[in-house]
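Here's a structure for you.
Read-outs: derived from the displayed coordinates by stated rules, not from any lab. Given the structure is predicted, the values throughout are model-derived calculations rather than measurements.
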Amino acid sequence: VGLRVPNAAMATVLSATLLGLSSPVGLRRFSPRIRMQAEWVESTVFFDPPVSSRFTPPLSSKQYLRASEAAVAKHAAIIFDQLRQEAAALSGSPLTSGLGERTVLSRSSLSEAAAAVLVEQLRSAGLGEGGAESAALWREVSSALAAPWLLRCVVCDLYKILDVDPAATGLLQPLLYFKGFHALTLHRVAHHLWARDDGPADRFAALRLQSAGASLFSVDIHPAATIGPGVMLDHASGVVIGGTAVVGSDVYMLHGVTLGATGKPMHGAKRHPTIADSVTLGAGATVLGDILVGSGVTVGASAVVTRAVPEGSTVVGVNKVLDGSQRPPSEAGEEDDYTWFYDI
């Protein structure tokens, strides 16, 4: 099968998940045939180390904000070297050889490679088709991504992907094909233009990039929204983030998440949520209003959150903060890092 996951523990979780079970421990409650199928699924998984372990050392989530600019630049060079190695293999197919050359092998840095990927996609959407506009598009995107803060964000976003997504078999895959990475990187360029604000044209240019991102990736992030480094938009489709939203670092966000307003007139005041560091937002989660979702919080899939959430909590349903009392006594001690045992 060739499916690669970071470790045997996650492979066990995968076995149970593919069969629709709540937990690997729960396999005991099913028939021998079901258990045999789960064991077969697990036997097809190759136990490779995380891709991030190839880098010495990768930036940890705590270093996303703390690492010096020199350290970030060093990691950018390491990542770009790895990208070149992976891109060289694309010459084996006529469907990919030109792509590898245009986006990575003909470039001189990580920021240039990321810019090349974005600009190619933007041109496919009709931006920068003319000579002058094409040159301006390349100049704005490549110079923005070379700025120290945006370079930090690109480096940390790639490391976050490697840290949380076992589907990422290398660095080239998310750079070329993960639309969540593309949408977020494009937002970072748009935010750069919005914040620069050398005149009305900068903000209209930022809005044009936002519009293009919504069309290309089905991700709508207002260019005024502030998003920290080390963020992954997994699958990404349907993500909506309002203009006064603030998202911290080391955040994992799945498809369909909305960080929106309540619809009440705010007369210029902040109207969107603040998401602290190390938060997980499950698929379809909706967080509304000027509220704080504390650090380390997990927001369950399809949850609706309109009240502040204390750090380290899990919130599900409509503002339902779990405190551990919902755990069935018979399953105490059976949780792991990837599965929750609660009766809601």
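What per residue convex hull volume, in Å³, do the alpha-carbon atoms of the range 71-119 yield?
Convex hull volume per residue, Cα atoms: 55 Å³.
Let me ask you something else. Cα-based Rg (one decimal) and Dmax (whole number) for the range 138-212, in Å?
Looking at the range 138-212, its Cα Rg and Dmax stand at 13.5, 43 Å.
Per the Cauchy relation, a quarter of the hull surface: what is the mean projected area of the convex hull of the alpha carbons in the range 131-170, in nm²?
Mean orientational projected area (the range 131-170, Cα hull): 3.7 nm².
Now, a different point. Two decimals is fine: what is log10 I(q)/I(0) at q = 0.13, 0.15, 0.16 Å⁻¹ for the range 54-162, from a Debye sum with one equal scatterer on every Cα and no solvent?
Listed by q, the Debye log ratios stand at -0.53, -0.69, -0.78.
Starting from the eigenvalues of the Cα gyration tensor, five times each then square-rooted, give me the equivalent ellipsoid semi-axes of the range 176-219, largest first, whole Å.
21, 10, 5
Quick check on the range 252-313: what are the equivalent-ellipsoid semi-axes from the Cα gyration tensor, as sqrt(5λ), descending, whole Å?
In descending order the semi-axes read 19, 13, 9 Å.
Right, something else. If amide hydrogens are placed 1.01 Å from N in the peptide plane, which non-local residues have theirs closer than 5 Å to the one on Ala308?
Sorted by chain and number, the residues that satisfy this are Leu292.
Give the lysines reachable from Lys160 as a straight Cα distance under 29 Å; neighbours fewer than 8 places away on the same chain don't count.
Excluding near neighbours in sequence, the set is Lys62, Lys74, Lys179, Lys270, Lys320.
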